[in-house]
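Take a look at the structure below.
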Amino acid sequence: MSEHHDPLSGPPGRVFLHYAIPSVLGLGALSSATVVTAIFMGNYVGVAALAAVNLSMPAVSLLFAVAFMFAMGGSVITGKLLGEGNPDAACDVFSKIMILAFGIALAIALPSLLFIDHVVSLLGANSETAGLLVSYLTILLCIAPLTTTAYTLYYFVMVDGRPILACSSLVVSSLVNVAMNWLFVVKMELGIVGAAFAMAGSYLALLSVLIPHFFGPLANLRLRWPTGSWKPILRAAVNGVSEFTNELSVGVVTLLFNWTLIKRFGTEGVAAFTVVEYVMFVGIMLSYGFADAVQPLISKNLGARNIPRIYQFFRIGIITTLVISFAMSALLFFVPEVLIGVFMEDSAETTMQIALGFAHYFWPAPLMIGANVMLTVFFTATDQPLPSAMIAASRSLILPATFLLVLPIWLGDTGVFITLPAAEFVALSLALFLFFGRAGKLSQ
């Protein structure tokens with residue numbers, strides 16, 4: 001690695017850009033997979049298919065939660081070990097993490113496939129969406145181990161000093177997803193099944209780009225038969241629990257929203273929430289892109305006990321995230337019709353009006369989400385899992401679930417619309433309290 005891009009000694013701004021640009025482009029490509037699916041469903045299949053994609057999110061979130069927990073927690077430990085000059089221990093942790101990520105995904109997918117009708121009923125499908133959801137979810141569960149493996153490898157390629165390769169893998173995956181959606185959904189008219197096949201093809205493309213790195217000359221991390229104690233893996237799981245909580249809670253909150261929206265607005269309500277959720281998802285993934293770039297930089301400097309550089313990288317990351325988040329909020333405030341219109345045909349007037357109702361109250365959320373994500377990752381990267389988990393659990397589960405149950409009783413439909421922005425605001429207050437209360441901890 002060039003010394004200009006060395007996390008331990010290179011110029012902080014230049015090093016941050018070296019990691020951040022590929023990370024943002026890569027996660028932008030990652031978010032596009034879900035967004036592209038929604039666009040094709042809304043424009044070429046229909047509102048019911050768009051709703052079915054969103055109904056699958058709780059199940060998909062469980063799989064991603066497993067991947068993110070082991071990927072983030074494990075990459076912090078391996079980054080720290082590499083920073084300490086201990087590549088053998090780093091390889092051992094890496095290999096064990098990969099085994100667990102694959103095995104747990106398989107353990108989740110198999111019983112879900114056996115009881116797929118019960119799963120679909122639990123997810124809140126009605127007569128319009130049940131058949132579509134069974135078709136879509138069956139294919140996604142069949143490829144679940146590949147999904148978790150692919151995204152876990154992405155984070156380890158990042159921490160192994162190859163951010164451009166990691167970015168390229170997600171860009172290739174995104175392009176494959178777009179091309180296969182066009183082929184299967186538009187040309188072959190396979191509907192939601194075509195979208196699921198396109199998703200499977202994108203994951204295979206992701207794996208095909210990432211796997212060769214670990215057998216090449218530039219790899220510090222290599223797969224091998226694991227030996228020794230598994231205690232570091234428990235530590236990795238604990239350290240990654242905030243990411244697990246965050247991703248799993250997205251699924252739980254989406255499930256609660258879907259149940260509520262089906263009762264209040266029907267299938268059109270779920271479809272409208274899907275559209276606004278995916279508009280927000282783009283902004284959230286951009287925030288994660290900057291946070292994921294900062295994470296290996298902080299963890300390596302933590303291993304080297306270079307505390308001032310940790311705060312340098314954090315300041316650069318939080319400022320950049322807030323600038324991007326402000327732009328996203330502005331777009332959602334000034335041109336919501338344009339953003340929402342991308343996802344559906346002009347004839348879906350009822351869905352459009354409900355979606356605009358969400359956007360009217362959602363627009364401040366990106367600013368708070370960006371700050372919350374960066375603060376959560378800061379605590380994870382500095383090996384402080386408790387405050388990280390507290391923020392993640394509050395913003396992604398405890399507060400949204402509580403507000404969704406309480407606010408509609410007082411405020412009706414408006415209470416549904418303001419649930420997520422209100423949750424992010426309260427979570428940000430907690431995050432800032434924890435951050436400033438523990439500001440001196442790293443120097444002790």
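The values are calculated or read from the model by the stated rules, or taken from the named source; none is laboratory data. Remember, it's a predicted structure, so these values are computed and weren't measured experimentally. Backbone-built Cβ (ideal geometry, glycine too); neighbour counts: all protein chains shown.
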Take ALA109 and tell me if it is without any contact (Cβ under 8 Å) to a residue 60 or more places away in the chain and of a type in the set (Gly, Ala, Ser). yes
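Could you say whether any residue in segment 298-309 is basic (Lys, Arg) and free of Cβ contacts under 8 Å to residues at least 24 places away in the same chain? So that I can check it myself, show each step before the final result.
Here is the first cut: in segment 298-309, the residues basic (Lys, Arg) are 300, 305, 309.
So of that shortlist, the ones also free of Cβ contacts under 8 Å to residues at least 24 places away in the same chain come out as 305.
For segment 298-309, residues basic (Lys, Arg) and free of Cβ contacts under 8 Å to residues at least 24 places away in the same chain: present.
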Within segment 7-63, track down each residue that is touching a Leu at 6+ places or on another chain (Cβ under 8 Å) and aromatic (Phe, Trp, Tyr). PHE16, TYR19
Criterion violated by GLY10 - all others in (1) in a helix (DSSP H, G or I); (2) surrounded by fewer than 20 Cβ atoms within 10 Å (Cβ to Cβ); (3) not polar (S, T, N, Q) satisfied: (1)
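Just to confirm my filter: which helices (runs of 4 or more DSSP H) fall fully inside segment 221-336 and include at least 2 residues that are buried (at least 17 other Cβ atoms within 10 Å of the Cβ) and touching a Ser or Thr at 6+ places or on another chain (Cβ under 7 Å)?
Values: elements: 231-239, 241-265, 267-303, 307-334.
In segment 221-336, the matching helices (runs of 4 or more DSSP H) lie at 241-265, 267-303, 307-334.
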Among the listed residues LEU106, LEU81, which satisfies the condition of being within 21 Å of GLY240 (Cα to Cα) and surrounded by fewer than 23 Cβ atoms within 10 Å (Cβ to Cβ)? LEU106
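Checking the conditions here, which among PHE290, PHE265, PHE273 is in contact (Cβ under 8 Å) with a residue 12 or more places away in the chain, of a type in the set (A, V, I, L, M, F, W, C) and under 30 Å from PHE313 (Cβ atoms)? Let's see the steps before the verdict.
Working: PHE265 fails: under 30 Å from PHE313 (Cβ atoms); PHE273 fails: under 30 Å from PHE313 (Cβ atoms).
After applying the criteria, what remains is PHE290.
Suppose the filter is among the aromatic types (Phe, Trp, Tyr) and modelled with pLDDT of 80 or more; does PHE68 pass it? So that I can check it myself, show each step before the final result.
On the way: among the aromatic types (Phe, Trp, Tyr): yes; modelled with pLDDT of 80 or more: no.
It is false that PHE68 is among the aromatic types (Phe, Trp, Tyr) and modelled with pLDDT of 80 or more.
Just checking, which of GLY370, GLY437, GLY357 is among the small types (Gly, Ala, Ser) and loosely packed, with under 14 Cβ neighbours inside 10 Å? I'd like the intermediate steps shown before the answer.
Details: GLY370 fails: loosely packed, with under 14 Cβ neighbours inside 10 Å; GLY357 fails: loosely packed, with under 14 Cβ neighbours inside 10 Å.
Only one candidate passes the filter, namely GLY437.
Restricting to segment 220-236, count the residues that are among the charged types (D, E, K, R) and without any contact (Cβ under 8 Å) to a residue 24 or more places away in the chain.
1
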Condition first: crowded, with 21+ Cβ neighbours inside 10 Å and among the basic types (Lys, Arg). Now tell me which residues in segment 150-193 satisfy that. ARG162
Has segment 209-227 got at least one residue that is modelled with pLDDT of 85 or more and within 24 Å of PRO58 (Cβ to Cβ)? no
Considering only residues that are within 20 Å of TYR278 (Cβ to Cβ) and either surrounded by 21 or more Cβ atoms within 10 Å (Cβ to Cβ) or modelled with pLDDT under 75 (or both), which ones fall in segment 15-32? VAL24, GLY26, LEU27, GLY28, ALA29, LEU30, SER31, SER32
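Looking only at segment 112-149, filter to residues that are in a helix (DSSP H, G or I), of a type in the set (S, T, N, Q) and surrounded by fewer than 24 Cβ atoms within 10 Å (Cβ to Cβ); which one of those is nearest to the chain's Cα centre (by Cα)?
At the first step, the residues of segment 112-149 found to be in a helix (DSSP H, G or I) are 112-114, 116-122, 130-142, 144-149.
Of the ones still in play, those that are also of a type in the set (S, T, N, Q) are 112, 121, 135, 138, 147-149.
Right, trim to surrounded by fewer than 24 Cβ atoms within 10 Å (Cβ to Cβ) and you get 112, 121, 135, 138, 149.
On the way: SER112: 22, SER121: 25, SER135: 24, THR138: 21, THR149: 15 Å.
Within segment 112-149, the match that is nearest to the chain's Cα centre (by Cα) is THR149.
One line per residue, one yes/no per condition, for (1) of a type outside the set (S, T, N, Q); (2) modelled with pLDDT under 85:
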| position | (1), (2) |
| --- | --- |
| SER299 | no, yes |
| TYR311 | yes, no |
| ARG315 | yes, no |
| THR320 | no, no |
| ILE324 | yes, no |
| ALA327 | yes, no |
| LEU331 | yes, no |
| VAL342 | yes, yes |
